[in-house]
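For reference, the structure is listed below as C-alpha coordinates.
The values are calculated or read from the model by the stated rules, or taken from the named source; none is laboratory data. Keep in mind that this is a model prediction, so the values were computed, not measured. Here the Cβ positions follow ideal geometry from the backbone for every residue, glycine too, while neighbour counts run over all protein chains shown. Keep in mind that these areas ignore ligands, DNA and RNA; they rest on the heavy atoms of the full protein, side chains included. Shrake-Rupley method; radii C 1.70, N 1.55, O 1.52, S 1.80 Å.
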Amino acid sequence: MKEECLICSSPLVYIKNDVEMECEICHKKELSKSRCIKGHYVCNECHIQGLDTIVGICLNSTSRNPIEIFKSLFSMPFCHTHGPEHHILVGVSLLTAYKNAGGNVNLNTALDEIILRAKKVPGGACGFWGACGAGISSGMFISIITGSTPLANKEWGLSNLMTSSSLQAIGKVGGPRCCKRNSYLAILSAVKFTKQNLGIEMEVSKIKCSTYNTNNQCIKERCPFYKS
(Lines give C-alpha, C1' and ligand atoms only; values in the text may rest on other atoms or scores of the structure.)
Protein backbone atom coordinates (compact mmCIF):
# COMPACT_ATOMS: atom_id res chain seq x y z
CA MET A 1 0.00 0.00 0.00
CA LYS A 2 1.10 3.56 -0.68
CA GLU A 3 1.04 6.29 1.96
CA GLU A 4 -2.28 6.78 3.73
CA CYS A 5 -1.67 6.61 7.50
CA LEU A 6 1.03 9.12 8.44
CA ILE A 7 2.20 6.82 11.22
CA CYS A 8 2.48 3.43 9.51
CA SER A 9 1.36 4.01 5.88
CA SER A 10 -1.49 1.53 6.28
CA PRO A 11 -4.86 2.14 4.52
CA LEU A 12 -7.43 4.36 6.18
CA VAL A 13 -10.91 3.19 7.06
CA TYR A 14 -14.01 5.31 7.56
CA ILE A 15 -16.91 4.56 9.89
CA LYS A 16 -20.44 5.95 10.00
CA ASN A 17 -20.47 7.16 13.60
CA ASP A 18 -17.97 9.37 15.42
CA VAL A 19 -15.80 7.68 18.00
CA GLU A 20 -13.27 9.24 20.34
CA MET A 21 -9.74 8.93 18.98
CA GLU A 22 -6.39 10.06 20.34
CA CYS A 23 -3.98 11.72 17.92
CA GLU A 24 -0.74 9.75 17.71
CA ILE A 25 1.30 12.96 17.41
CA CYS A 26 -0.17 15.55 19.84
CA HIS A 27 -2.27 13.08 21.91
CA LYS A 28 -5.33 15.31 21.68
CA LYS A 29 -8.59 13.37 22.00
CA GLU A 30 -11.48 14.17 19.68
CA LEU A 31 -14.34 12.56 17.82
CA SER A 32 -13.54 11.21 14.37
CA LYS A 33 -14.88 8.91 11.67
CA SER A 34 -11.45 7.90 10.38
CA ARG A 35 -8.45 5.88 11.47
CA CYS A 36 -6.04 3.46 9.82
CA ILE A 37 -6.60 -0.30 9.84
CA LYS A 38 -4.08 -0.58 12.70
CA GLY A 39 -5.97 1.98 14.80
CA HIS A 40 -3.73 5.04 14.32
CA TYR A 41 -5.31 8.49 14.15
CA VAL A 42 -3.78 11.86 13.24
CA CYS A 43 -5.82 15.04 13.83
CA ASN A 44 -6.27 17.74 11.20
CA GLU A 45 -3.88 20.15 12.91
CA CYS A 46 -1.04 17.63 12.98
CA HIS A 47 -1.81 16.57 9.42
CA ILE A 48 -0.96 20.09 8.21
CA GLN A 49 2.12 20.75 10.35
CA GLY A 50 4.53 23.00 8.44
CA LEU A 51 1.82 24.71 6.43
CA ASP A 52 2.70 28.11 7.95
CA THR A 53 5.58 28.35 5.46
CA ILE A 54 3.23 28.89 2.50
CA VAL A 55 2.42 32.55 3.22
CA GLY A 56 5.98 33.68 2.53
CA ILE A 57 6.15 31.57 -0.61
CA CYS A 58 2.91 33.05 -1.95
CA LEU A 59 3.89 36.62 -1.13
CA ASN A 60 7.10 36.18 -3.11
CA SER A 61 5.43 34.53 -6.08
CA THR A 62 4.94 36.44 -9.35
CA SER A 63 2.97 33.69 -11.07
CA ARG A 64 -0.48 34.32 -12.53
CA ASN A 65 -1.02 30.58 -12.86
CA PRO A 66 -2.80 29.01 -9.85
CA ILE A 67 -2.11 25.49 -11.13
CA GLU A 68 1.61 26.25 -11.15
CA ILE A 69 1.42 27.73 -7.65
CA PHE A 70 -0.62 24.79 -6.37
CA LYS A 71 1.89 22.28 -7.74
CA SER A 72 4.79 24.10 -6.09
CA LEU A 73 2.99 24.04 -2.74
CA PHE A 74 1.85 20.41 -2.78
CA SER A 75 5.41 19.30 -3.46
CA MET A 76 6.40 20.52 0.01
CA PRO A 77 6.81 18.04 2.92
CA PHE A 78 3.67 19.12 4.80
CA CYS A 79 1.40 18.09 1.90
CA HIS A 80 0.42 14.45 1.65
CA THR A 81 -1.42 12.38 -0.95
CA HIS A 82 -4.74 13.17 0.70
CA GLY A 83 -5.66 15.49 3.53
CA PRO A 84 -7.21 18.77 4.69
CA GLU A 85 -4.15 20.74 3.59
CA HIS A 86 -5.65 20.75 0.09
CA HIS A 87 -8.62 22.75 1.39
CA ILE A 88 -6.15 25.53 2.12
CA LEU A 89 -3.86 25.18 -0.90
CA VAL A 90 -6.63 25.70 -3.45
CA GLY A 91 -7.63 29.05 -1.96
CA VAL A 92 -4.12 30.40 -1.38
CA SER A 93 -3.08 29.43 -4.93
CA LEU A 94 -6.08 31.25 -6.39
CA LEU A 95 -5.57 34.35 -4.22
CA THR A 96 -1.90 34.57 -5.18
CA ALA A 97 -2.54 34.18 -8.92
CA TYR A 98 -5.48 36.61 -8.74
CA LYS A 99 -3.31 39.28 -7.12
CA ASN A 100 -0.52 38.77 -9.64
CA ALA A 101 -3.02 38.96 -12.51
CA GLY A 102 -4.09 42.43 -11.41
CA GLY A 103 -6.77 41.62 -8.87
CA ASN A 104 -7.43 44.18 -6.16
CA VAL A 105 -6.71 42.39 -2.90
CA ASN A 106 -4.41 42.76 0.10
CA LEU A 107 -2.69 39.42 -0.37
CA ASN A 108 -1.11 39.20 3.06
CA THR A 109 -4.41 39.77 4.85
CA ALA A 110 -6.31 37.57 2.40
CA LEU A 111 -3.92 34.63 2.84
CA ASP A 112 -4.23 34.80 6.61
CA GLU A 113 -8.02 34.90 6.33
CA ILE A 114 -8.41 31.96 3.94
CA ILE A 115 -6.06 29.81 6.03
CA LEU A 116 -8.15 30.62 9.11
CA ARG A 117 -11.38 29.72 7.31
CA ALA A 118 -10.17 26.66 5.40
CA LYS A 119 -8.65 25.06 8.50
CA LYS A 120 -12.20 24.63 9.76
CA VAL A 121 -13.10 22.27 6.89
CA PRO A 122 -12.09 18.80 8.12
CA GLY A 123 -10.64 15.95 6.17
CA GLY A 124 -13.36 13.70 4.76
CA ALA A 125 -15.80 16.55 4.16
CA CYS A 126 -16.14 15.38 0.55
CA GLY A 127 -17.72 12.11 1.65
CA PHE A 128 -19.44 13.07 4.89
CA TRP A 129 -20.66 16.60 4.13
CA GLY A 130 -21.35 16.14 0.43
CA ALA A 131 -19.09 19.10 -0.30
CA CYS A 132 -15.42 18.66 -1.16
CA GLY A 133 -13.14 21.01 0.75
CA ALA A 134 -11.34 21.99 -2.46
CA GLY A 135 -14.63 23.22 -3.91
CA ILE A 136 -15.50 25.05 -0.69
CA SER A 137 -12.06 26.69 -0.80
CA SER A 138 -12.81 28.16 -4.23
CA GLY A 139 -15.97 29.69 -2.79
CA MET A 140 -13.95 31.14 0.09
CA PHE A 141 -11.62 32.67 -2.50
CA ILE A 142 -14.50 34.52 -4.17
CA SER A 143 -15.95 35.49 -0.79
CA ILE A 144 -12.68 37.09 0.28
CA ILE A 145 -11.92 39.01 -2.92
CA THR A 146 -15.48 40.36 -3.12
CA GLY A 147 -15.80 41.10 0.60
CA SER A 148 -18.87 38.89 0.96
CA THR A 149 -20.74 38.47 4.24
CA PRO A 150 -23.97 36.64 5.13
CA LEU A 151 -25.77 39.98 4.57
CA ALA A 152 -24.22 40.75 1.19
CA ASN A 153 -26.20 40.66 -2.04
CA LYS A 154 -24.23 40.11 -5.26
CA GLU A 155 -21.10 39.01 -3.40
CA TRP A 156 -23.03 36.39 -1.43
CA GLY A 157 -24.48 35.02 -4.64
CA LEU A 158 -21.13 34.89 -6.43
CA SER A 159 -19.49 33.03 -3.55
CA ASN A 160 -22.16 30.34 -3.52
CA LEU A 161 -22.23 30.07 -7.31
CA MET A 162 -18.48 29.56 -7.29
CA THR A 163 -18.68 26.72 -4.79
CA SER A 164 -21.52 25.08 -6.70
CA SER A 165 -19.60 25.34 -9.98
CA SER A 166 -16.56 23.61 -8.49
CA LEU A 167 -18.63 20.94 -6.77
CA GLN A 168 -20.48 20.21 -9.99
CA ALA A 169 -17.20 19.63 -11.83
CA ILE A 170 -15.92 17.45 -8.99
CA GLY A 171 -19.16 15.50 -8.65
CA LYS A 172 -19.42 14.76 -12.37
CA VAL A 173 -16.12 12.89 -12.33
CA GLY A 174 -17.26 10.82 -9.34
CA GLY A 175 -15.43 9.10 -6.51
CA PRO A 176 -13.59 7.84 -4.68
CA ARG A 177 -11.84 10.98 -3.60
CA CYS A 178 -8.55 12.23 -4.94
CA CYS A 179 -7.41 15.48 -3.33
CA LYS A 180 -5.17 16.42 -6.26
CA ARG A 181 -7.85 15.77 -8.91
CA ASN A 182 -10.51 17.67 -6.99
CA SER A 183 -8.14 20.57 -6.35
CA TYR A 184 -7.33 20.84 -10.05
CA LEU A 185 -11.03 20.82 -10.95
CA ALA A 186 -11.83 23.50 -8.35
CA ILE A 187 -8.99 25.74 -9.53
CA LEU A 188 -9.95 25.42 -13.20
CA SER A 189 -13.57 26.23 -12.33
CA ALA A 190 -12.44 29.28 -10.37
CA VAL A 191 -10.21 30.60 -13.16
CA LYS A 192 -13.13 30.46 -15.61
CA PHE A 193 -15.59 31.90 -13.09
CA THR A 194 -13.30 34.79 -12.12
CA LYS A 195 -12.77 35.82 -15.74
CA GLN A 196 -16.48 35.71 -16.52
CA ASN A 197 -17.72 37.48 -13.41
CA LEU A 198 -14.87 39.71 -12.24
CA GLY A 199 -12.90 40.37 -15.42
CA ILE A 200 -9.57 39.14 -14.05
CA GLU A 201 -7.87 36.58 -16.27
CA MET A 202 -5.48 34.18 -14.59
CA GLU A 203 -3.29 31.79 -16.53
CA VAL A 204 -3.66 28.02 -16.66
CA SER A 205 -1.42 25.27 -17.96
CA LYS A 206 -2.11 21.77 -19.20
CA ILE A 207 -2.41 19.37 -16.29
CA LYS A 208 -0.79 15.96 -16.39
CA CYS A 209 -1.03 14.10 -13.11
CA SER A 210 2.32 13.24 -11.56
CA THR A 211 0.97 11.72 -8.34
CA TYR A 212 -1.36 8.93 -9.52
CA ASN A 213 1.12 6.29 -8.38
CA THR A 214 0.77 7.48 -4.76
CA ASN A 215 -3.02 7.15 -4.73
CA ASN A 216 -4.38 3.73 -3.83
CA GLN A 217 -7.83 4.74 -5.12
CA CYS A 218 -6.74 6.33 -8.41
CA ILE A 219 -9.60 6.10 -10.94
CA LYS A 220 -7.10 6.11 -13.82
CA GLU A 221 -8.76 6.70 -17.21
CA ARG A 222 -11.87 8.17 -15.58
CA CYS A 223 -9.74 11.08 -14.38
CA PRO A 224 -9.28 13.92 -16.88
CA PHE A 225 -5.68 14.40 -15.73
CA TYR A 226 -4.49 10.78 -15.73
CA LYS A 227 -1.52 10.56 -18.14
CA SER A 228 -3.26 13.22 -20.22
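Shown in residue order for segment 185-195 are the 3J(HN,Hα) couplings computed by the Karplus curve 6.51 cos²θ - 1.76 cosθ + 1.60 at θ = phi - 60°: 5, 5, 5, 4, 4, 5, 4, 5, 5, 5, 5 Hz (x for Gly and Pro). Largest GNM mean-square fluctuation among ILE48, ILE57, ILE114, using the chain with Cα springs under 10 Å: ILE57. Note on segment 146-228: dipole from Cβ charges, positive end direction compared against ILE219, LEU188, SER164; the farthest Cα belongs to ILE219.
Sorted on the mean count of surrounding Cβ atoms within 10 Å across their residues, most packed first, peptides 134-142, 181-189 read 134-142, 181-189. Projecting the Cα positions of GLY102, GLY175, ALA131 onto the charge dipole of the chain (unit charges on Cβ atoms of Lys, Arg, Asp and Glu, taken about the Cα centre) puts GLY175 furthest along the positive direction. What's the carbon and sulfur percent of the chain's accessible surface, probe 1.4 angstrom, rounded to a whole number? On the chain, the fraction of accessible area on carbon and sulfur atoms equals 51 percent. Contact order for the chain, expressed relative to its length and based on alpha carbon pairs under 8 Å spaced 6+ residues apart, stands at 17 percent. Separation of segment 72-95 and segment 180-208, taken as the distance between their Cα centroids, equals 16 angstrom.
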